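The values are calculated or read from the model by the stated rules, or taken from the named source; none is laboratory data. Computed from a predicted model, the values in this text were never measured in an experiment. Cβ coordinates were reconstructed from backbone atoms using ideal geometry, including for glycine residues, and neighbour counts include every protein chain displayed.
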Amino acid sequence: MANRYKWLLIVSGLLLFAFGIWYYSGHSEKLKKVSGIAEYDTLIQLQNFKEIPSKPFKYVLVNCDLGPVKVTIEANKKSSLEFHQTFMKYIEISYKSDTLLIHTLKTPKSTKENPITKQIYIYTPEISYYMGEATQTFFSNFGTEYLKVDNRSSYIRFHGCEIEKLDLTTNKSCNYVMDDDCAFDKVDAKINPNSALNCRGYVRSQLLLTANNLQNIRFGLNVKKLIMKKYTK
């Protein structure tokens, strides 16, 4: 009797399952077709960037009026600049001795119908000074004795860099990130109370940190020696 009751439950369950599949397949709502730009269509297409030969320079000044602009500075044997074609007409380039000056003439408005890729690529074999007023700045694969960054960006990241002496000065709110594939001999970082520093790179000699506290500072055994000073304006 118990086995018969068990089999009845199994058969009933299978019938209910089959009915559910039939009902769903026959009454499921059709997917609505959505018009517009798909997410993968908004990805940056590198073939739309145009490379411009540049004079040799050691100092870089970037002044972007408003709006999000990303600047990438990468080591290369020859000096050159690269801009997206939709952004080129808004940029003014000039030189003063061994200084490169990049200025945005006005802030372009990017829309779905007319997207503007606001990115600047700077290639140079050597750089000693950078002052950038941009949303994001990336330093990539640099090996140099000295680099001073007079920062006005919201985010600065070092990737694949080996710099003997790195001098960081923060004038606005900024998040500094040094990837674990970076190595420094000495780092002198002045971090104001509204900024942060995440040092994952190896500091062989010392980190001279000027800050009020370690609340927004991150580092570990990768820093051989820490010297801390009080931050004052």
Notebook entry, point to check: Hey, among LYS55, LYS89, which residue is modelled with pLDDT under 90, over 19 Å from the mean Cα position of the chain (by Cα), surrounded by fewer than 17 Cβ atoms within 10 Å (Cβ to Cβ) and of a type in the set (Lys, Arg)?
Noted result: LYS89
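Going by the conditions given, is LEU221 surrounded by 14 or more Cβ atoms within 10 Å (Cβ to Cβ) and more than 22 Å from the chain's Cα centre (by Cα)?
Here the answer is no, as LEU221 does not meet what is asked.
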Note to self: Being over 27 Å from SER97 (Cα atoms), of a type in the set (A, V, I, L, M, F, W, C) and in contact (Cβ under 8 Å) with a residue 40 or more places away in the chain: is that true of ILE227 here?
What the structure shows: no
Next item on the list: Mind telling me which of the residues ASP180, ASP150 ends up being over 20 Å from TYR123 (Cα atoms) and either among the acidic types (Asp, Glu) or surrounded by fewer than 16 Cβ atoms within 10 Å (Cβ to Cβ) (or both)?
Entry: ASP180
Note to self: under 19 Å from the mean Cα position of the chain (by Cα), assigned to a loop (DSSP other than H, G, I, E, B), closer than 17 Å to PRO68 by Cα and of a type in the set (A, V, I, L, M): is that true of ILE116 in this structure?
What the structure shows: yes
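Within the range 121-131, is even one residue at pLDDT below 90 and outside any strand (DSSP E or B)?
There is no residue in the range 121-131 that is at pLDDT below 90 and outside any strand (DSSP E or B).
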Note to self: Quick check on this structure: which one of ILE102, ILE163 is within 18 Å of CYS182 (Cα to Cα), modelled with pLDDT of 90 or more and out of contact with any helix residue (DSSP H, G or I) (no Cβ under 7 Å at 6 or more places or on another chain)?
What the structure shows: ILE163
Notebook entry, point to check: Which one of ALA196, ALA189, ALA211 is farther than 11 Å from GLU164 by Cα, surrounded by 17 or more Cβ atoms within 10 Å (Cβ to Cβ) and in contact with a Leu (Cβ under 7 Å, 6 or more places away or on another chain)?
Noted result: ALA189
Next item on the list: Just give me the residues in the range 113-153 being hydroxyl-bearing (Ser, Thr, Tyr) and touching a Pro at 6+ places or on another chain (Cβ under 9 Å), in sequence order.
Entry: THR124, THR135
Checklist line | Selection count, the range 58-86, where residues are surrounded by fewer than 18 Cβ atoms within 10 Å (Cβ to Cβ), in contact with a helix residue (DSSP H, G or I) (Cβ under 8 Å, 6 or more places away or on another chain) and outside any loop (DSSP other than H, G, I, E, B) | finding: 0
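Given the criterion aromatic (Phe, Trp, Tyr) and under 15 Å from ASN222 (Cα atoms), identify the matching residue among TYR202, TYR146, TYR155.
Of the residues listed, the single one that is aromatic (Phe, Trp, Tyr) and under 15 Å from ASN222 (Cα atoms) is TYR202.
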Item checked: First in the range 210-223 and touching a residue at least 40 places away in the same chain (Cβ under 8 Å), second anywhere and surrounded by 17 or more Cβ atoms within 10 Å (Cβ to Cβ) and small (Gly, Ala, Ser), Cβ under 7 Å, 6 or more apart -> ASN222/GLY201
Item checked: Top-ranked residue of the range 140-150 - restricted to ones that are more than 15 Å from the chain's Cα centre (by Cα) and in a strand (DSSP E or B), ranked as nearest to ASN192 (Cα to Cα) -> ASP150
